[in-house]
1. Which condition from (1) in contact (Cβ under 8 Å) with a residue 12 or more places away in the chain; (2) part of a helix (DSSP H, G or I); (3) over 20 Å from residue 134 (Cβ atoms) is the one that residue 198 breaks?
2. Any chance you could count how many residues in the range 39-48 are surrounded by fewer than 21 Cβ atoms within 10 Å (Cβ to Cβ) and in a helix (DSSP H, G or I)?
3. Within the range 131-140, take every residue that is touching a strand residue (DSSP E or B) at 6+ places or on another chain (Cβ under 8 Å) and surrounded by fewer than 24 Cβ atoms within 10 Å (Cβ to Cβ) and give me the one that is farthest from residue 228 (Cα to Cα).
4. Does the range 74-89 include one or more residues that are more than 16 Å from the ligand (Cβ to nearest atom) and touching a residue at least 60 places away in the same chain (Cβ under 8 Å)?
5. Can you confirm whether the range 222-243 contains a residue that is in a helix (DSSP H, G or I) and within 29 Å of residue 66 (Cα to Cα)?
6. When residues of the range 39-61 are filtered for being in contact with a helix residue (DSSP H, G or I) (Cβ under 7 Å, 6 or more places away or on another chain) and within 13 Å of the ligand (Cβ to nearest atom), how many remain?
7. Among what's in the range 112-127 and is within 11 Å of the ligand (Cβ to nearest atom) and farther than 14 Å from residue 62 by Cβ, pick the residue that is surrounded by the most Cβ atoms within 10 Å (Cβ to Cβ).
8. So if I check each of 160, 131, which one is touching a helix residue (DSSP H, G or I) at 6+ places or on another chain (Cβ under 6 Å), within 13 Å of the ligand (Cβ to nearest atom), closer than 22 Å to residue 40 by Cα and in contact (Cβ under 8 Å) with a residue 60 or more places away in the chain?
Ligand SMILES: C[S@@+](CC[C@H](N)C(=O)[O-])C[C@H]1O[C@@H](n2cnc3c(N)ncnc32)[C@H](O)[C@@H]1O
């Protein structure tokens, strides 16, 4: 069977972001040809949620995480091509000063530490249709960014948290960095609150998480969609690809 891809995935494969279904690994010493590798395969699922923004006037997107030095800006190039309108604006945030080289007429860059609540609060002063967190993948950072930035998502917009596999299995210890609550636990609880409109359920009540700030957003959320390794949270006013 042929490898079926979407338009977003085809561009993602060409730009070599690990969001795509296929990629090329970093060249190792002694290699002259990069190895083919499997990516996270997010894009075939994201397209359902994001295709509608390609034609939206004044579409604003922010991505946390510009990419490693050897592959800097792969997803920036994907978004620049997929969201083709002249008035599309992308804001990219990364710890590395070299991320600044990605800036152009449609792309602005902030260099800063996303573990710093002050940096996040400054980012939260602008409004976005889509915010995508692909930065450190630490539980504490994923949840802090969601708590501070979700209010900046416009009505009908989408907040995406990538690489939630760090909540599972062998990765738990190294990605918790001392945090007690993992990202997936909060997202699954949020999903239960949205599904049951805040009503009681054995899976979502009676825990010590009741007062976690992220859970207070449930009334502003249309859907919480978990895909392999990522979660898409659609804000009030989002009604699928046809709007
Ligand atoms: C997985 S890469 C992003 C990949 C890129 N979005 C793509 O799809 O091509 C993660 C990025 O997060 C950045 N990062 C890690 N910790 C960070 C932090 N505390 N604050 C800001 N950026 C951070 C890294 O420098 C790296 O560029």
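1. (2)
2. The qualifying residues number 4.
3. Initial filter on the range 131-140 (touching a strand residue (DSSP E or B) at 6+ places or on another chain (Cβ under 8 Å)): 131-135, 137.
Checking which are surrounded by fewer than 24 Cβ atoms within 10 Å (Cβ to Cβ) leaves us with 134-135, 137.
Working: 134: 14, 135: 17, 137: 15 Å.
Within the range 131-140, the match that is farthest from residue 228 (Cα to Cα) is 135.
4. no
5. No, every residue in the range 222-243 fails to be in a helix (DSSP H, G or I) and within 29 Å of residue 66 (Cα to Cα).
6. Adding up the residues that qualify gives 3.
7. 115
8. Working: 160 fails: touching a helix residue (DSSP H, G or I) at 6+ places or on another chain (Cβ under 6 Å).
Answer to the check: 131.
Quick note: the coordinates plus some simple rules give every number you see, no bench work behind them. All values reported here derive from a predicted model rather than from experimental measurement. Because the Cβ atoms are built from the backbone with ideal geometry, glycine has one as well, and the counts that use them run over all protein chains shown.
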